[in-house]
Amino acid sequence: MSKMEQTRFFQVKPAIYYGLNSIQKLSELNLGRVCIVTDEGMVKFGLLKMITDVLDQHQIRYHVFDDVEPDPSTDIVEKGLYHILLEKPDALIALGGGSAIDSAKAIIYYCYHFKEIFIEPALIQKPIFIALPTTAGTGSEVTNYAVITDKNNNAKIALSDTLMMPDIAILDPKLIESVPAGATAATGMDVLTHGYEAYVSTENNPFSRAYAIKAIELVFKNLYDSLADGSDIHAKANMQIASCMAGIAFNSAGLGITHSIAHAIGARWHLPHGFANAIVLPYVIAFNGNCPRATHFHGRILDAMQIGFKPDHATAKLLADVKALKRQLQLPACLKEHGIVEEEYLASKEKIVQQAMKDVCTTTTPLPPTLEEMNKLFDDVYYGC
């Protein structure tokens, strides 16, 4: 049966405000008591003050939970859950990168289900959820996914629920103006990975493909410029939009084994998620080139960006362009080059391969790998090829 003969669903949410000084929109939202979920870096670098200045100016009450750490753990979520149960805010603002937004999502998720024990679901009031991303990478501001780390088992916990979808996303390029070059590179490659994997996913659709292909185009046109010139607000704004569009795409279409592998190695060696994706992506593009359907989509990506290629060489050309971008961004080609010790890799390999095989992102990859193929992919990711 053709997919067009089935009833399918696509929804664009949340409401998105973007552009310079769009954080002023906070003053128009009729907010009552607010909880801000963020991390110490946002306090240190003055980004939290950009938000609290708006709230202070309009006499909006707030309190701050700034204990979020990179790759947020179940411990942090538990602490944040206690915080909002005590404070009872009617609005939750997540300020930061994917870690802050994912933490806020998980807090909302567990808060709702905790209240279900005592209150009828129809009577539970969920706080208005506002996401202000400070990196152009995860797209978490427009997805109902969150990834939390279980430190006891060195594993990533993927949550998915419409409860966690933000109600409002605010993309103000001033919030990403001071992001360091290394983080800009890694988060930008995260955007590219989201766009690519959503585009070739087995669950892609006309709407997700439109968002994904535009996100990919914007990354190739703006990522290097946003890194090379920190004051290029135009390039940074375009990367914010790319991140948001890629998030909308994969929220509908799902992802692939780049993410499955990145989740496993990220949990094992505490690698930032975008950085892990950047290492893995070229090897997965090459692997997907063994799938005729994926190869067809590789050609459509190149066509959309008006990049010429020889017939039957779409995968090779796309792969070469992605590798060239990585070199421009000075990102390592493999885990060994990054400095992961071989003995550690070999000792961990069996467990992380199994984690990747079971990862939810593997279910929508265009060419599901066998266990043997996944082992080979991990070796490529570690040693390079």
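Where both residues lie in the chain, what percent of DSSP beta bridges are antiparallel, nearest 5? Show your work: numbers first, answer last.
On the way: 6 of 27 bridges.
Close to 20 percent.
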Any chance you could count the Lys pairs in region 15-176 whose alpha carbons are under 18 Å apart, treating pairs 8 or more apart or on different chains as valid? 15
Label residue 306 and residue 177 with points 7 Å out from Cα along Cα→Cβ: what is the distance between them in nm? 3.2 nm
Mean-square fluctuation maximum in Gaussian network of the chain, Cα pairs under 10 Å, restricted to 186, 316, 264, hits 316
In Hz, Karplus ³J(HN,Hα) per residue of region 91-107 (6.51, -1.76, 1.60; θ = phi - 60°; x = Gly, Pro): 8, 10, 10, 9, 10, x, x, x, 5, 5, 5, 5, 4, 4, 4, 5, 4
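Go ahead and estimate [θ] at 222 nm for the chain from helices alone: -39,500 (n - 2.57) per DSSP H run with n ≥ 4, summed, over the residue count, rounded to 500. Each step should come with its number before you reach the end.
Working: 14 runs with 204 residues, N = 385.
Estimated from H runs of four or more residues: -17000 deg cm²/dmol.
Would you kindly calculate the translational diffusion coefficient of region 15-176, applying Stokes-Einstein with the Kirkwood radius from alpha carbon pairs, for 25 °C and a viscosity of 0.890 mPa s, and quote it in µm² s⁻¹ without decimals? Don't jump to the answer; show the numbers that get you there.
Values: Rh = 15.7 Å.
The estimated diffusion coefficient comes to 156 µm²/s.
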Please build a GNM for the chain, connecting alpha carbons under 10 Å apart, and tell me which residue among 121, 89, 368 fluctuates the most. 121
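For the chain, what is the relative contact order in percent, using Cα pairs closer than 8 Å and at least 6 residues apart in sequence?
Working: 685 pairs, mean separation 58.1, N = 385.
Relative contact order comes out at 15 percent.
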Test of understanding: in a Gaussian network model of the chain with alpha carbons linked when under 10 Å, which of 174, 221, 115 would top the mean-square fluctuation ranking? 115
With an 8 Å Cα cut-off and a minimum separation of 6 or more residues, compute the relative contact order for region 38-163 in percent. 26 percent
With a/c under 1.5 counting as rounded, go ahead and sort region 143-290 into rounded, prolate or oblate using the C-alpha gyration tensor (a ≥ b ≥ c being the square roots of the eigenvalues; past the cut-off, prolate if a/b is larger than b/c, else oblate). rounded
18 Å Cα-Cα reach of residue 310 towards aspartates and glutamates, excluding residues that sit fewer than 8 places from it in its own chain: 321
Using alpha-carbon coordinates, inclination of helix 206-228 to the longest axis of the chain, degrees: 90 degrees
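Since every read-out is calculated from the coordinates, none of them should be taken as a lab result. Fair warning: this is a prediction, and the values are worked out from it, not measured in the lab. Positions of Cβ are backbone-derived with ideal geometry, glycine not excepted, and every protein chain shown enters the neighbour counts.
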